[in-house]
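Data block below; observations after.
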Amino acid sequence: MKKVKLGEIADLNKTTFSFDNFEEIFYLDTSSVTKGVFNDFIHLTKNDIIPSRARRAVKDKTIVYSTVRPNLEHYGIFENPKDNIVVSTGFTTIDIKDNLADPKFLYYNLTQNKYTNALHTIATNNVSSYPSINPSVLENMELEFPDLPTQTVIANILSSLDDKIEFNNKINNELEAMAKALYDYWFVQFDFPDKNGKPYKSSGGRMIWNEKLKRNIPEKWDILPLSNYANIINGATPSTEHKDNYGGNIVWITPKDLSDQNNKFVNYGERTITLKGYNSCSTQLLPVDSILLSSRAPIGLLSIAKCELCTNQGFKNIVFFDNNDSYYFYYYILSNMKRIENLGSGTTFKEVSKDDLGSFHVLYPTDKELRNTWISLTKNTFDKQYSVQQENQTLTQLRDFLLPLLMNGQVTIKSS
């Protein structure tokens, strides 16, 4: 192992993007990549207003590493990107010089907590308006490297775990797309199977005008407040001044947990609370299959509890009288999130109140046979998705366990 300054083996922010040869670009901001997962590229054309921060060019094996709030882990590595991708100046772009190191080894090296935490400490000591670091801090940072063949072997081990995680994510995304398409076909277009197995609306099923929804709906379907089907339960936070409120066996969820995990289901959070912490505040233990809806800062994060858990005050939690209703209402809430967001009020930030959510009118299919068919189909999908999500949790834990051991030479690797 030898120590090398990052600037000695890599170019930082070397290439500026030129828009001259492109009719369209795909722009990546710092918030759109977390721990190597890229989301929400912004598609822009020359007729659009191009963000002033859209300046950095990338190429194959370019590492992007956010200099803003490093502890949020907005970093990633590009694999064979298109030529018209541009990233924000909130990233430092890092490109290896002349094969002096394995790019993926360097990427994994930089993602270690000891470096992200150290950089965040530097950032928080910055006198600017928000925690950030100058790219020169990265350039002068000393990192440890084994010989190049060993770097490649280590990078391949970690990459194989990430590749499996990515493959699992694709499986879940495809399952989700199919489930959502079926929901839309049955409960938005109303072409659920009728008594003869034919699509209801397309086959002439009777529709009636509903004044509350301002649309036609199937005859005899209910439009009632959500409180007719569920209890709405607030969360709460134990006092952080008492350390013995935290670190127990009770799962406690914050909106940040849902944002960080970006999963359909939730069964753990960044922090847990003790029985003392639980009893010290008004949070309540929620049963499996409760729906968690963030009700402020931001409104609209949604997940399904897969263990008994409680939340902070940033949620309005929906506990159904019939647990099976979560299979229908998860997609109903997701499809009507804009209407729910419009319930929010407040001057500092908008919040959806317990009473407003409880009085929110929802469409509900009264045909029990139809509901049971939907539950049967959807439950299989949900169970498969949750199984895949659990596998990814195990793979992620293994990767995060191996990462520092491999990087520090505590686990030896043969390069041939």
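For the reader, a short list of remarks on this structure follows.
- Normalised contact order of segment 225-364, rounded percent, pairs of Cα under 8 Å and 6 or more residues apart: 32
- Amide N proximity, segment 39-61 versus Asp11 label position 7 Å along Cα-to-Cβ, cut-off under 15 Å: 56-61
- Cut-off 11 Å between beta-carbons: net charge of the residues surrounding Gly204, Lys and Arg +1, Asp and Glu -1: +2
- In segment 275-348, chymotrypsin sites (Phe, Trp or Tyr not before Pro) in a DSSP loop with at most 13 other beta-carbon atoms within 10 Å: Phe321
- For the pair Ser31 and Gln390, label points projected 7 Å from Cα toward Cβ lie 3.4 nm apart.
- Equivalent ellipsoid semi-axes, segment 161-229, via Cα gyration tensor eigenvalues times 5, rooted, Å: 34, 17, 9
- In a simple Cβ point-charge model (Lys, Arg +1; Asp, Glu -1; nothing else charged), segment 2-143 has a dipole of about 460 debye relative to its Cα centre.
- Simple label model, 7 Å out from Cα along Cβ direction - Ala236 to Ile413, nm: 5.0
- Value of D in µm² per second that Stokes-Einstein yields for the chain, Kirkwood Rh from Cα pairs, at 10 °C (1.306 mPa s): 65
- The alpha-carbon of Lys350 sits under 14 angstrom from the alpha-carbons of these aspartates and glutamates, leaving out residues fewer than 8 places away in its chain: Glu341.
- Mean separation of Cα contacts under 8 Å, 6 or more apart, over the residue count of the chain: relative contact order %: 14
- Ascending count of other beta-carbon atoms within 10 Å, so fewest first, for Tyr268, Tyr65, Tyr75: Tyr268, Tyr75, Tyr65
- Each stretch of four or more DSSP H residues adds -39500 (n - 2.57); spread over every residue of the chain, this sum gives -11000 deg cm²/dmol at 222 nm.
- Segment 2-143: proportion of alpha-carbon pairs further apart than 26 angstrom, %: 21
- Compactness index (Cα Rg / 2.2 N^0.38 Å), segment 225-364: 1.00
Readers should treat all values here as calculations from the given coordinates under stated rules, not as data from a laboratory. Just so you know, these numbers come straight off a predicted model, no measurement behind them. Glycine also receives a Cβ, built like all others from the backbone with ideal geometry; neighbour counts cover every protein chain displayed.
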